[in-house]
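Engineer: Structure below; questions to follow.
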Amino acid sequence: MRVGIDIGGTFTDLVAVSDSGHVDVYKLLSTPEDFGQALLDGLDVILERTKTPASALTELVHGTTVATNAILSETGAKTGLITTRGFRDVLEIGRLRMSRLYDFSWEKPKPLVPRRLRREVTERIAVDGTVQTVLDEGDVSDAIAFLKAECVTSVAVCFLNSYVNPAHERRIGDLLRSAGDWTVTLSCDVLPEIREFERTSTTVVNAYILPVVQRYLRTLKGSLETMGTKAPLRIMQSGGGVMDAETAAALPVQIVESGPAAGVVATAALGNRIGCENLIAFDMGGTTAKAALIEGGKILGAMDYEVGGGISLSGRLLGGGGYPIRVPCVDLAEVGAGGGSVLRVDAGGALQVGPDSAGADPGPVCYGCGGLRPTLTDANLVLGYLNPVGLAGGTLELDREAALECLIKTVADPMDLTVEEVALGAHRIASARMVRAVRAVSGERGYDPRAFTLVAFGGSGPLHAVDMAQELGIPQVLVPCAPGLFSAFGLLGARMQYDRVRTVLKPVDDLLPETVDRLFNGMAAEARVMIPGAELSRSADLRYVGQSYELSVTIPDEVHDLGAQLRKGFETAHKRAYGHMAENDPVEVVTLRLRAFLPAPELPLQAVGVTSGDSDSRPAYFGSDLGWHDVAVVSRSQLSVEPSVGPFIVEDYDATTLVPPGIWARLDEWGNVVIDLKS
Amino acid sequence: MSFFDPIELELLKNGLESVVDEMALTIVRTAYSTNLKNSMDFSTGLCDTEGNLVAQGLCLPLHLGSLPDGLAAILNRYRDDIEDGDVFILNDPYEGGTHLPDIYLYKPIFIDRTLLGFAAAIAHHTDIGGRVAGGNACDSTEIYQEGLRIPPVKLYEAGQPIQAIFDIIERNVRVPRNALGDLRAQLAACHICEQACYRMATRYGLDRFKAGFSELLLYAERLTRSEISAFPDGVYAFTDQLDDDGIDPDPIPITFTLTISGDRLIADFEGTAPQVRGAINSALSFTKSAVYACLRCLMSPDVPTNSGCFRCLDVRVPEATLANPVLPAPVAARGLTGFRLANTIMGALAQMAPDRVPACEVGGDTGISIGGYTADRTPFVFLEFLFGAWGGRPDRDGIDGCASIVVNFSNNPAEVIEAEYPLEILQYGFLPDTGGAGKYRGGLSLIREYRFTETEGILQIRSDRYISHPYGLQGGKPGALSRNILNPDDEARELPGKCLIPLKKGDVFCHVLAGAGGWGHPFERDTERVLEDVQNEKISIESAKRDFGVVIDSKTSTIDSEATIALRRKR
């Protein structure tokens, strides 16, 4: 039996597939004081229910927030940093930029290593890799003694220009390891790339979470063995592949975006099954919405991410809000729009949704837990889109009267509009904000969203998907089975994957085939140790000489004139993204990348918890043209492959899909709700 | 009548903002020079047919007034001669621009042969020719010395490039490949805007889309008026100064008076020094930008950044002054003056809103240019602007190491500088005991050291605050002064704030930025925060005692409470 376990801030989701293909799912509350507890409890329930002995488990695939959580809650290790003399403040100075303009209350993220614990040693590697000043080992002894006296448990090292020559870092690494039982992270192991702040930051984040993640995974592994299983434990990486827990424990900076990546992997796997190569994954929960792109069956990746950067679209442009890390990750855009986003009227008389969120406490007004400010969930309830009997299968009853009264008083009356107009407006503004997230991963990357299918999941995704698709001109929306558990399914469809990188920084025409072969062979050897028998894919990052941002070009297995091929691939990509290319300008190769992977297992996605209850109806509002309308409420199993015309509402166990008037929807052979906007 | 209800208008606003941000991302990703791709010294926007700014990218607040003023200059000449496929260019500070390195591009956008508006992109080019590499010399005395001066002309006509203009630019700048690469980045941004407008016009319909522009301007005006009405009525004046203009030794006062009366606001620079001989005069539209950027900080984030907001702000600047020069005054290094104008305006705003405005920030004053030729006669021009620190705030400390609130710049990675220029960075960090003492401490000075590795070059420094300190507020102390030192471990020659000196191989140049001002009396500072600063080596034990009245035992690293209370009582 294989089990996927997705641990989020609120819920822990488990999906188990038996050897015969039977699927069982279980959802329980997360246990933030010890995230592993919910995993073990949930696993117990599943094993018990399916009468499976623990020894019959063959693989556990885990998406975890433990790394992110350690950073956000400031519960990482007491970390020290050793740098080249003159550069200990690089970590705190950062790149100076503010992620918000015109805000006197702006604060930079607090450095994960305070100035006192950042020590300098005399050494210097020149930009061409030669040793300019030999590493002063007396300085090193002093730094070690100081950090030991401060009871530091994890040490990061980042020397200037070590991306060209790591000799000094390697040497101090040896000295540090033999000096104590702390964990050591060298920048040349984590990110051998130019730009000292980004490299230092990535190294420090790794060092900061390393002991926490190691402890978590070791304990978990121990508990699983006690339970009676020796099945491999694998962890979802930010880049969308999985790796063994041991590897994850050594380089935890790679699993920071573990959770969100799983949903994108699920989308790609779903696309593969239904024969659709171009998809936009759209995941909306209680507080945030995320979008990512799959083109030609491939998940689009990025190399930069800010942990704890708060959520803002401007973050993509301005940065500076969080701790930057440079690791392969799914290219996600995230906006702070969710059921808890607060509605208000600004001084100019316009309706605003967010950026404040009512969160889980006090939550929306309709939860009756003391919330006094109207939220998006309140608006969706007033519009009749949500079932007043309640969310999560009726476990939480909603107070529609309270939501209505609050919306009238705080928003509708001040705007001199009816409550339905205001609620519908809020619904549409929220959709528009999420549209910007989709644009950020499509239009801003040079991809036309109209050529994609929108796959909507998460608790609230299917409620807004059609609105967004209309705004973006997307022809088709797909709501998969079990939208609320979709990410956990994704874990079981992910492949083993391991990435290696080498910086070259050479004009594309000067790239010697033997150099390229040597570098790729080195990376391949490393990768094959991690994943025996892996397939390999090669790519290069290129730019015009002078630019600071690269575009990635795949290197085919058969290469004739590598330089010419890379240049052509780059120019095509540049023209698509920016509308021009500079034919006579020199192009340079910045990095070579190798990705090793095994074929992905088949996604076991199927409908769960479907009840075929009687159909129901309730009044819902879709705009002044139609007014209030009595709308059918059906379960997924009541839909057929024959399209039905909206308005109607599809209620799953943990999500609600809205099919507006005049829009056609049907069930496909895999149980997805397919909404066609062009028919 | 209104084409948009408030909800649809919000949707239109979001849509346009994402277009201008997308333009900005395009420049970051495609530009060649460090000053654009790393520092983001550029602005993007969309203007209507009358030259009003409708939306501006999240770029550079100190460019806020520039986009509409540049377009006004173009409309002045070409109103009846604009066709699809044209692109206009200018950089003349006396006709639409603010200083020669800032090149403005405007691309008219036509939908069904009707002019919808203009995509606009301003970019600060690293070199624009003239007598000193880097385009920021303080000691020029006429605009004619400062480089290539481009009046409003067409760069493209009906889709065809005007090759002569490209050729003239290429022939006049030191590193043409970079200049043309950066110009292409600007064109790409305009192209992205045009494509997005086509899509939006299809969705909204042209007439409705155009009407939306005016409604957004009215909406911003309404919001701005309501913000001004909420400001307390009164007259608030403040004077700050520049140390000198690099030619004459005298300090240069800037005086600013803000008058609020109901929903009217008058920003007046009466009393500011006459225009100076050196190149730090600030063109009128740049002065207006400083006012807009500062006032914007006191307004709600909901206010859209467009001309509707600006037209509520009545900015008055006497002619032939530092803040509104006339021909042939040189203006290349006016960036420095922009920062001081902002410091001055903030000083006045701090009287109006003492509970919100921070003490004096630091950053942007300093521009470092190093130019020359390598052994094989290849030209190089290195240019960077150094930031910065925030002053202490009414409820919290300033920030150590941060961009200016009016110019959200980034810094350049040392490793990138070393890979691209004949320079080594020897040091980049905080200098202890430099932030203005206060209940809330001002940010620390940053020190940066460069070693020159080519045979010969010219170093040009534009800096200030080596005579006049960044001010503190409400009893907070001023920040430390800035310094320039040549070969600090050797001859340790102190250089003036503005100068031009030759460099030889191995020379080390060290710049120390000023420290930011403190807020509130330092003896009111939480003693634990003082101890933390000492532990983090941001202030010395001596400073803790002398400036903050906190006595710390150096052996145990603990506070001597009794001695501290006794010392603080003597305040």
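Engineer: Could you check segment A:70-171 for strands (runs of 3 or more DSSP E) lying wholly inside it with 3 or more residues that are within 30 Å of B:Cys294 (Cα to Cα)?
Structural biologist: No strands (runs of 3 or more DSSP E) qualify here.
Engineer: Residues that are within 14 Å of chain A (Cβ to nearest Cβ), touching a helix residue (DSSP H, G or I) at 6+ places or on another chain (Cβ under 9 Å) and not aliphatic (A, V, I, L, M): list the helices (runs of 4 or more DSSP H) wholly contained in segment B:460-571 that include at least 2 such residues.
Structural biologist: Where helices (runs of 4 or more DSSP H) fall fully within segment B:460-571 and carry at least 2 residues being within 14 Å of chain A (Cβ to nearest Cβ), touching a helix residue (DSSP H, G or I) at 6+ places or on another chain (Cβ under 9 Å) and not aliphatic (A, V, I, L, M), they are B:527-535.
Engineer: Applying the selection to segment A:170-190, what residues are closer than 21 Å to A:Val127 by Cβ, surrounded by 22 or more Cβ atoms within 10 Å (Cβ to Cβ) and more than 14 Å from chain B (Cβ to nearest Cβ)?
Structural biologist: A:Ile172, A:Leu186, A:Val190
Engineer: Restricting attention to segment A:417-452, which residues are more than 10 Å from every other protein chain (Cβ to nearest Cβ) and over 23 Å from A:Ala465 (Cα atoms)?
Structural biologist: Residue satisfying the conditions is A:Thr418 alone.
Engineer: Let me ask something else about it. Can you report the number of residues in segment B:377-428 which are of a type in the set (Phe, Trp, Tyr), more than 19 Å from B:Ala290 (Cα to Cα) and within 7 Å of chain A (Cβ to nearest Cβ)?
Structural biologist: 1
Engineer: Can you tell me which residues in segment A:642-655 are within 30 Å of the chain's Cα centre (by Cα) and either within 18 Å of A:Gly271 (Cβ to Cβ) or at pLDDT below 90 (or both)?
Structural biologist: Across segment A:642-655, the qualifying residues are A:Glu651, A:Asp652, A:Tyr653, A:Asp654, A:Ala655.
Engineer: Inside segment A:15-69, can you point out the residues that are assigned to a strand (DSSP E or B) and within 10 Å of A:Met1 (Cα to Cα)?
Structural biologist: Of everything in segment A:15-69, those that are assigned to a strand (DSSP E or B) and within 10 Å of A:Met1 (Cα to Cα) turn out to be A:Ala16, A:Val17, A:Val23, A:Glu59, A:Leu60.
Engineer: Collect the residues in segment A:335-362 that are away from chain B (no Cβ under 14 Å) and modelled with pLDDT under 80, keeping them in residue-number order.
Structural biologist: Within segment A:335-362, A:Ser357, A:Ala358, A:Gly359, A:Ala360, A:Asp361, A:Pro362 meet the criteria.
Engineer: Can you tell me which of (1) among the β-branched types (Val, Ile, Thr); (2) within 14 Å of another protein chain (Cβ to nearest Cβ); (3) in a helix (DSSP H, G or I); (4) touching a strand residue (DSSP E or B) at 6+ places or on another chain (Cβ under 7 Å) is the one B:Ile74 doesn't meet?
Structural biologist: (2)
Engineer: Conditions first: (1) crowded, with 24+ Cβ neighbours inside 10 Å; (2) more than 14 Å from chain A (Cβ to nearest Cβ); (3) over 13 Å from B:Ala119 (Cβ atoms). B:Val54 passes all but one, so which condition is the exception?
Structural biologist: (3)
Engineer: With the structure loaded, tell me whether B:Ile280 is touching a helix residue (DSSP H, G or I) at 6+ places or on another chain (Cβ under 7 Å) and buried (at least 24 other Cβ atoms within 10 Å of the Cβ) or whether it fails that test.
Structural biologist: Yes.
Engineer: Could you figure out which of (1) out of contact with any strand residue (DSSP E or B) (no Cβ under 6 Å at 6 or more places or on another chain); (2) in contact (Cβ under 8 Å) with a residue 24 or more places away in the chain; (3) of a type in the set (S, T, N, Q) isn't true of A:Thr453?
Structural biologist: In the conditions (1) out of contact with any strand residue (DSSP E or B) (no Cβ under 6 Å at 6 or more places or on another chain); (2) in contact (Cβ under 8 Å) with a residue 24 or more places away in the chain; (3) of a type in the set (S, T, N, Q), A:Thr453 misses (1) alone.
Engineer: Scan segment A:472-492 and tell me whether some residue there is within 22 Å of B:Glu17 (Cα to Cα) and within 11 Å of chain B (Cβ to nearest Cβ).
Structural biologist: The answer is yes, given that some residue of segment A:472-492 is within 22 Å of B:Glu17 (Cα to Cα) and within 11 Å of chain B (Cβ to nearest Cβ).
Engineer: Give me the residue from segment B:26-51 that is buried (at least 24 other Cβ atoms within 10 Å of the Cβ) and part of a strand (DSSP E or B) and, out of that set, nearest to the other protein chains (Cβ to nearest Cβ).
Structural biologist: Only one residue tops the list, namely B:Thr44.
Engineer: Test of understanding: among A:Ala582, A:Ala577, which residue is within 12 Å of chain B (Cβ to nearest Cβ), touching a residue at least 24 places away in the same chain (Cβ under 8 Å) and not in a helix (DSSP H, G or I)?
Structural biologist: Of A:Ala582, A:Ala577, the one residue that is within 12 Å of chain B (Cβ to nearest Cβ), touching a residue at least 24 places away in the same chain (Cβ under 8 Å) and not in a helix (DSSP H, G or I) is A:Ala582.
Engineer: Let me ask you something else. Quickly run through segment B:46-82 and pick out the residues that are β-branched (Val, Ile, Thr) and within 20 Å of B:Ala211 (Cβ to Cβ).
Structural biologist: Within segment B:46-82, B:Thr49, B:Val54 qualify.
Engineer: Output the qualifying pairs, or none if there are none: Cβ atoms under 6 angstrom, residues six or more apart or on different chains, first residue in segment B:12-25 and at the interface with chain A (Cβ under 7 Å from one of its Cβ atoms) and closer than 16 Å to A:Val438 by Cα, second residue modelled with pLDDT of 85 or more and crowded, with 22+ Cβ neighbours inside 10 Å.
Structural biologist: Every condition considered, the pairs that remain are B:Asn14/A:Ala432; B:Asp21/B:Gly57; B:Glu22/B:Ile192.
Engineer: Among B:Phe4, B:Phe42, which is in contact (Cβ under 8 Å) with a residue 12 or more places away in the chain, touching a His at 6+ places or on another chain (Cβ under 8 Å) and among the aromatic types (Phe, Trp, Tyr)?
Structural biologist: Exactly one residue qualifies, and that residue is B:Phe42.
Engineer: I'm checking my understanding of the structure. Among residues of segment B:132-152 that are more than 18 Å from the chain's Cα centre (by Cα) and within 19 Å of B:Asp248 (Cβ to Cβ), which one is surrounded by the fewest Cβ atoms within 10 Å (Cβ to Cβ)?
Structural biologist: B:Glu142
Engineer: Moving on to the next point. May I ask you to say which residue of A:Leu233, A:Leu175, A:Leu279, A:Leu210 is within 30 Å of A:Pro449 (Cα to Cα) and at pLDDT 95 or above?
Structural biologist: Criteria check complete, one pass: A:Leu279.
Rundown of residues vs (1) away from chain B (no Cβ under 14 Å); (2) surrounded by fewer than 22 Cβ atoms within 10 Å (Cβ to Cβ), yes/no style:
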{"residue": "A:Ala167", "(1), (2)": "yes, yes"}
{"residue": "A:Pro192", "(1), (2)": "no, yes"}
{"residue": "A:Val213", "(1), (2)": "yes, no"}
{"residue": "A:Lys230", "(1), (2)": "yes, yes"}
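Engineer: Sticking with this one: Counting only residues that are among the β-branched types (Val, Ile, Thr) and in contact with a helix residue (DSSP H, G or I) (Cβ under 8 Å, 6 or more places away or on another chain), which one in segment A:546-574 is farthest from the other protein chains (Cβ to nearest Cβ)?
Structural biologist: Selected residue: A:Val559.
Engineer: Go through segment A:95-116 and give me each residue that's modelled with pLDDT of 95 or more and at the interface with another protein chain (Cβ under 9 Å from one of its Cβ atoms).
Structural biologist: A:Pro114, A:Arg115, A:Arg116
Engineer: Might you check whether a residue that is within 14 Å of chain A (Cβ to nearest Cβ), over 30 Å from B:Gly347 (Cα atoms) and free of Cβ contacts under 8 Å to residues at least 60 places away in the same chain occurs anywhere in segment B:220-236?
Structural biologist: no
Engineer: Now, a different point. Only one of A:Leu566, A:Leu605 is touching a residue at least 40 places away in the same chain (Cβ under 8 Å), aliphatic (A, V, I, L, M) and in a helix (DSSP H, G or I). Can you tell me which?
Structural biologist: After applying the criteria, what remains is A:Leu566.
Engineer: Taking strands (runs of 3 or more DSSP E) that do not extend beyond segment A:318-385, which have at least 1 residues that are closer than 20 Å to A:His464 by Cα?
Structural biologist: By residue number, A:333-335, A:341-345, A:351-357.
Engineer: Now a separate question. Residues of segment A:586-630 being within 24 Å of A:His464 (Cα to Cα), at pLDDT 85 or above, of a type in the set (A, V, I, L, M, F, W, C) and crowded, with 21+ Cβ neighbours inside 10 Å, which ones?
Structural biologist: Selection gives A:Ala620, A:Phe622.
Engineer: Same structure again: Please find, within segment A:121-162, the residue that is surrounded by the most Cβ atoms within 10 Å (Cβ to Cβ) out of those that are within 14 Å of another protein chain (Cβ to nearest Cβ) and small (Gly, Ala, Ser).
Structural biologist: Here the residue is A:Ser162.
The values are calculated or read from the model by the stated rules, or taken from the named source; none is laboratory data. Just so you know, these numbers come straight off a predicted model, no measurement behind them. So basically every Cβ, Gly included, is an ideal-geometry build from the backbone, and we count neighbours across all protein chains shown.
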